[in-house]
1. Roughly what angle does helix A:692-702 make with the longest principal axis of chain A, taking Cα atoms, 0 to 90 degrees, to the nearest 10?
2. Rg(Cα) of the stretch A:30-70 divided by 2.2 N^0.38 Å?
3. Residue by residue through the stretch A:43-49, what is 3J(HN,Hα) from phi via Karplus (6.51 cos²θ - 1.76 cosθ + 1.60, θ = phi - 60°)? Round to whole Hz and write x for glycine and proline.
4. Let's test the formula: R0 of 25 Å, r as the Cβ-Cβ distance of A:E237 and A:E404. What FRET efficiency results, to the nearest 0.05?
5. Starting from the exponent 0.38 and prefactor 2.2 Å, build the expected Rg for the stretch A:91-142 from its residue count and divide its actual Cα Rg by it.
6. Would you mind checking the tilt of helix A:707-716 against the longest principal axis of the Cα atoms of chain A, expressed as 0 to 90 degrees and rounded to 10?
7. Please express the shape of chain A as an equivalent ellipsoid: the semi-axes are the square roots of 5 times the eigenvalues of the C-alpha gyration tensor, given largest first in whole angstrom.
8. Quick one: net charge of A:P704's neighbours, Cβ under 10 Å, K/R +1, D/E -1?
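The values are calculated or read from the model by the stated rules, or taken from the named source; none is laboratory data. Just so it is clear, the structure is predicted and the values come from calculations on it, not from any experiment. Note: ideal-geometry Cβ built from the backbone for every residue, glycine included; neighbour counts use all protein chains shown. We work out accessible area using only protein heavy atoms, side chains counted, and drop any ligands, DNA or RNA first. Shrake-Rupley method; radii C 1.70, N 1.55, O 1.52, S 1.80 Å.
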Amino acid sequence: MEYNFSSIEKKWQKKWDDNQTFKTSDDYSKPKFYALVEFPYPSGQGLHVGHPRSYTALDIVSRKKRLQGYNVLYPMGWDAFGLPTENFAIKNKIHPKIVTENNVARFKEQLKSLGFSFDWSKEINTTDPEYFKWTQWIFLKLFEKDLAYKKEMAVNWCTSCKCVLANEEVVNGVCERCGSEVVRKVKSQWMLKITEYAERLINDLDDVDYIERVKIQQKNWIGKSTGAEVDFTTTAEDKLTVFTTRPDTLFGATYMVMSPEHPYLEKWADKIENNDEIKAYQVEANKKSDFERTELAKDKTGVCIKGVKAINPVNGKEIPIYISDYVLMSYGTGAIMAVPAHDTRDFDFAKAFDLPIIEVVAGGDVQNEAFTDVATGKLVNSGFLDGLEVAEAKKAIIEWLTKEGLGKEKVNYKLRDWVFSRQRYWGEPIPIVHCEHCGYVPVDEKELPLKLPDIDSYEPTENGESPLANIDEWVNTTCPKCGAPAKRETDTMPQWAGSSWYFLRYIDPTNKDAIASKEAINYWTPVDWYNGGMEHTTLHLLYSRFWHKFLYDIGVVPTKEPYAKRTSHGMILGENGEKMSKSRGNVVNPDDIVNEYGADTMRLYEMFIGDFEKSAPWSQQGIKGCSRFLERIWALNDALVEGESYSEKLEKAFHKTIKKVTEDIEQLKFNTAIAAIMALLNDIYKAGKINKAEFKTLIVLLNPFAPHITEEMWEMAGFEGMLNQTEWPSYDEAKTVDNEVEIAIQINGKIKDKLVVAADISQADCEAVVKELDSVKPLLDGKQIVKVIYVPKKLINIVVK
RNA sequence: GCGGAUGUGGCGGAAUUGGCAGACGCGCCAGAUUUAGGUUCUGGUGGGAGACCGUGGGGGUUCAAGUCCCUUCAUCCGCACCA
């Protein structure tokens, strides 16, 4: 009978649906396994071939875990708020809600056509008011705990989206989404104090099983550095405080630099003699975006402040103060002490402005190059620090500063607070009311969800306000506290809000009284295995860890970390090895593959394509190999025989394959698991027949990868029930070991021959046999045997002289 | 500049972590089946006529190196004046 994948796949997809085969059990006595993949943004383009790579991987894990007796939660939902939908809505004059519905319907159909074992009864959608009610609720809790605040600040402003972007959303100076120019603009924004969690976000990485590069990337992003804050007195009254990681070099500070935005410049205006020059520099600096400032201004520029000097607290020396845009207001204190001898930037600046360079750590040639090594070298020209090593000097100077009241130890982070406002319609409304008397007042929890009003125009206003600002009847309300007329917050939340906690909602998606029931949360958290893209490491993954820690602090969740294990899949590239994109014309549509080869082949190929964690180019030829493999599997229907037809060799091959596949799936090595099954099939073909027990084992092993064909073959062979209700095969360790092995015979490390021997042959016996071989004996003639290395089951190496 | 990876046949990729390099698949070659093409099946397939040579290049450690050490080159990704 022909392998008609199309009808087989439809048949089983319907059956699974009708029977709710993959519905998660409420039996909390069973061991649980929570498998999670990043839920997609339902874009108008439909599913990309990249999506199924992640989904298939954890579908394989989920299906295997179910067969192993776990209660598995493998859910799917929609991260549906966001700009592309809104832009499409504006352009085509369709409500974003409708656009979302259409896109979701398409995605869902595509996902179902691939046979994923999602529990669709747990489906969620971030744009559903019953969902975002809880997104808003979490925001109110953050507000209540002072972790949400409003602040006037320079923000990244996308000129095309007319919207604020988080730092993370600005890539190379342009908007990550639309590619338009991003400029700086001062606006009042809602912020979340993620910085308050910086230390815990670093430390708790020790307790989770994330792939190393994710941990490293998150740590780098948070950017912890330990140093000291030091107060410099000035000839103006104010102390100028700096942050430095090298307090040990304090004696070498020959000038100071303030950021052009430093508030002291205004304050000191009457003491500064060259205000015009400074103003001009500020204007220049302000014109540049952050990108230009860092990208183009490698040559140091700046202006010396005339009329105010600073005093180095360690030696009382008067030193000049400059302003320069290489010092950022947003990091540390907005001012630095400059030690040109031991910092490359300070060195460049000192050279440009002809400032003195004083060596305080010996070991370099500081007149020609900054000496930044901290591991070697001892302090010089540094008074009481002389002779100490850098680490000792750090300790000593911090002690001294603390004692003298001139400074203290200090930790700084690169991580900034999270800009949480968007001037857009299609997002969760921020549930805050602004009252002239009471300030920012939270909307009463009972009022949630605070829904979006239906409006005709979703365009942001020219002055950058949210479209909601135009809806008077929505904006105007009363203060929940004092009852006076008040105005609603018109900004909405960023797309990251809904995805920061979605894995909790899957647990109990229809709960009206809480994010999820306590019992369910206690059972299901943390997520056991979360797979997603590397691009979400510093955005979604960090944000959701932050929210989860907050929810832990307020007693909503029982675990400090949301995800016990995090892995990441590589990209699927176009056939030409480049990233798939419309403009490159190398996009592969998953629908076409499913139509031409079937879902099982598609799934198999995406897993066989290469190392799961690395990117790999698509190949139309390669997919044929997987299609052929399934055809060969299917053909076994005709090779099926009754009774015990085991050859011992084939039996061992089975046990080895069970072991390999079982282990490989856990280790993300899907490609080699499939290769092992292919090799086993080759062995079966050599035998020419297969008995029922072997057949059963084979199709169960293959089932997680190719669920439709294996269910069909299960049914055709007359096994009981559905395959997905059976058990994962076990193996006998003893039967994975061969009795006879081929070992390599080496003379001086070069292979001269191979020999089949009993696996447990002794070295002496083996040596005796080997030395008499025709291929070996002449080579030993007249030589002295220095030693013999024998590695059981591997090789024997005779070293001669 | 800093951080992270990667480099193995014509191609995608394996290699139990120091022990027979190239599993598995694609492609290719030959044979069988077929009127033929396609499909399918069987066999072969790193290079070299050979001794031998082969995991980006060079050096080293070792009985033994894709794997460890030093050095160098190339490509990709992330961050980027973070004091």
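1. With both axes taken from Cα atoms, the answer is about 20 degrees.
2. Numbers: Rg = 12.8 Å, N = 41, 2.2 N^0.38 = 9.0 Å.
Compactness ratio reported: 1.42.
3. Karplus values, whole Hz, x for Gly and Pro: 7, x, 6, x, 5, 9, 5.
4. Details: r = 19 Å, r/R0 = 0.77.
After rounding to 0.05, the efficiency reads 0.80.
5. Working: Rg = 14.4 Å, N = 52, 2.2 N^0.38 = 9.9 Å.
Output field value: 1.46.
6. Long axis of A:707-716 versus the principal axis of chain A: about 20 degrees.
7. Working: eigenvalues 665, 353, 102 Å².
Ellipsoid semi-axes (Å, largest first): 58, 42, 23.
8. On the way: positive: A:R63, A:K64, A:K65, A:R66, A:R603; negative: A:D59.
Its environment carries a net charge of +4.
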